[in-house]
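The values are calculated or read from the model by the stated rules, or taken from the named source; none is laboratory data. Everything quoted here is computed from the prediction, not taken from an experiment. Every residue, glycine as well, gets a Cβ built from its backbone with ideal geometry; the counts of neighbours run over all protein chains shown.
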């Protein structure tokens, strides 16, 4: 299975920021660690919080899930930068968002020049346009457009 680069893993960590306790993210989901959405059966596990090593383990698991979603939904060859950008996007928004997006359709039609603009359509959470999402999508679009293989 293909994996994101260490550089993109660090990018995800930078945007998600570590939280040792559960908080409600701007989209309204209970979250802990580096952007791990707390599922129904996990509340008790996290009631006393987590440390950075536990958060890193959750991040690795969640990133593998996002990588699998990208591999399943994208039918064309991708550079490392393109793959990393799509994994970061999927980690943040979920496979459902990628699956139903125009972004995905443009990638699969190899309309790569139009894809960076599509990232910028995904900067809203909780009905608000968020500066943090604008910065994240800008970084993802730049990754997608990079020529690194």
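Only one of the listed residues (50, 74, 22) is farther than 21 Å from residue 135 by Cβ, under 16 Å from the mean Cα position of the chain (by Cα) and without any contact (Cβ under 8 Å) to a residue 40 or more places away in the chain. That residue is 74.
Working only within region 75-98, note down all residues that are over 19 Å from residue 25 (Cβ atoms) and touching a helix residue (DSSP H, G or I) at 6+ places or on another chain (Cβ under 9 Å).
Passing the criteria: 75, 76, 78, 79, 80, 81, 82, 83, 84, 85, 86.
If you go through region 101-131 and pick out every residue that is exposed (fewer than 13 other Cβ atoms within 10 Å of the Cβ), within 21 Å of residue 16 (Cβ to Cβ) and in contact (Cβ under 8 Å) with a residue 12 or more places away in the chain, you end up with 3. Among the residues of region 1-19, the ones that are surrounded by fewer than 17 Cβ atoms within 10 Å (Cβ to Cβ) and over 16 Å from the mean Cα position of the chain (by Cα) come to 1 in all. Assessment of region 35-51 against the conditions (surrounded by 20 or more Cβ atoms within 10 Å (Cβ to Cβ) and under 29 Å from residue 142 (Cα atoms)) yields at least one matching residue. Look at residue 22 and say whether it is in contact with a strand residue (DSSP E or B) (Cβ under 6 Å, 6 or more places away or on another chain), surrounded by fewer than 21 Cβ atoms within 10 Å (Cβ to Cβ) and either outside any helix (DSSP H, G or I) or at pLDDT 95 or above (or both). Criteria met by residue 22.
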